[in-house]
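The values are calculated or read from the model by the stated rules, or taken from the named source; none is laboratory data. On a predicted model such as this, the values are computed, not experimentally measured, just so you know. Positions of Cβ are generated from backbone atoms using ideal geometry, with glycine treated the same way; all protein chains shown enter the neighbour counts. Accessible surface is based on the protein model in full, side chains and every heavy atom, while ligands, DNA and RNA are left aside. Shrake-Rupley method; radii C 1.70, N 1.55, O 1.52, S 1.80 Å.
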Amino acid sequence: GYAVSLMLDVLSGVLSGAAFGPYLCNMWNDFKNPQNVGHYFTVLDVKKFVPLDEFKANLDTMIRDIKSSPRAKGVDEIFLPGEMEYRKRQQRLANGIPLGAKALSDLAEIGARMNLRLN
């Protein structure tokens, strides 16, 4: 984990001329200063390394192996990166975004000032 994080910081920060490590601004607490965040993208042609069907089959095997690994007590499922977010998005698309009482109250108040009804 540390080596991967360090390499990503080198590629997206140092290499791009952006901020890195402790020099990054806190994007949630500082809305006045530029963030100076860098980006790094890698594009690979999988077929240059291994046949595409073989890659897909091996990736499917890896996913099955990860998801069938022993789980800690109280853990029902092992998720891959982005999987929980994908499921949450599907839920939200199907059922809408739940709002708390305060948000609903604020929206109703704003709607009333604009002569709109909250359904």
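Heavy-atom accessible area of residue 11 with all protein chains present, probe 1.4 Å, nearest 10 Å²? Rounded to the nearest 10, the figure is 40 Å². Over segment 20-64, the ratio between the Cα radius of gyration and 2.2 N^0.38 Å evaluates to 2.04.
Which FRET efficiency, nearest 0.05, do residue 43 and residue 107 yield, Cβ-Cβ r, R0 41 Å? My answer for the efficiency is 0.45. Ellipticity at 222 nm from helices only: DSSP H runs of n ≥ 4 in the chain, each -39500 (n - 2.57), divided by the residue count, give -13000 deg cm²/dmol.
Each peptide in 14-23, 62-71 gets a packing score, the mean of other Cβ atoms within 10 Å over its residues, and the list from highest to lowest is 14-23, 62-71.
Given 96, 86, 74, which one lies farthest toward the positive end of the charge dipole of the chain, if we put +1 on the Cβ of every Lys and Arg and -1 on the Cβ of every Asp and Glu? Farthest towards the positive pole: 96.
Residues of segment 22-50 falling in the label zone of residue 66, defined by backbone nitrogen less than 20 Å from a point 7 Å along Cα to beta-carbon, are 41-47, 50.
Does the chain classify as rounded, prolate or oblate by the C-alpha gyration tensor (a ≥ b ≥ c root eigenvalues; a/c under 1.5 gives rounded; else a/b over b/c gives prolate, otherwise oblate)? The shape class here is oblate. Basic side chains Lys and Arg get +1 at the Cβ, acidic Asp and Glu get -1 at the Cβ, and with that the dipole of segment 22-75 about its Cα centre reaches some 220 debye.
Surface composition of segment 24-101: carbon plus sulfur atoms hold 60% of the accessible area, using a 1.4 angstrom probe and ignoring ligands, DNA and RNA. Per-residue Karplus couplings for segment 3-19, computed as 6.51 cos²θ - 1.76 cosθ + 1.60 with θ equal to phi - 60°, are listed in order as 5, 5, 4, 4, 5, 5, 5, 4, 5, 8, x, 4, 5, 7, x, 8, 5 Hz, Gly and Pro entered as x.
If you take the square roots of the eigenvalues of the alpha-carbon gyration tensor of segment 46-108 and sort them as a ≥ b ≥ c, do you get rounded (a/c under 1.5), prolate (a/b over b/c) or oblate? Here segment 46-108 falls in the oblate category. When all protein chains stay in place and ligands, DNA and RNA are ignored, the 1.4 Å accessible-area order of 48, 102, largest first, is 48, 102.
Heavy-atom accessible surface of segment 1-110, averaged per residue, reaches 88 Å², computed with a 1.4 Å probe.
The phi torsions of segment 109-118, fed into the Karplus equation with coefficients 6.51, -1.76 and 1.60 and a -60° offset, translate into couplings of 5, 5, x, 4, 5, 9, 6, 10, 9, 8 Hz, rounded to whole numbers, with Gly and Pro shown as x. Treating r as the C-beta distance of residue 28 and residue 88 and R0 as 22 Å, the FRET efficiency rounds to 0.60. Dipole magnitude for the chain: about 400 debye, using +1 per Lys or Arg Cβ and -1 per Asp or Glu Cβ, origin at the Cα centre.
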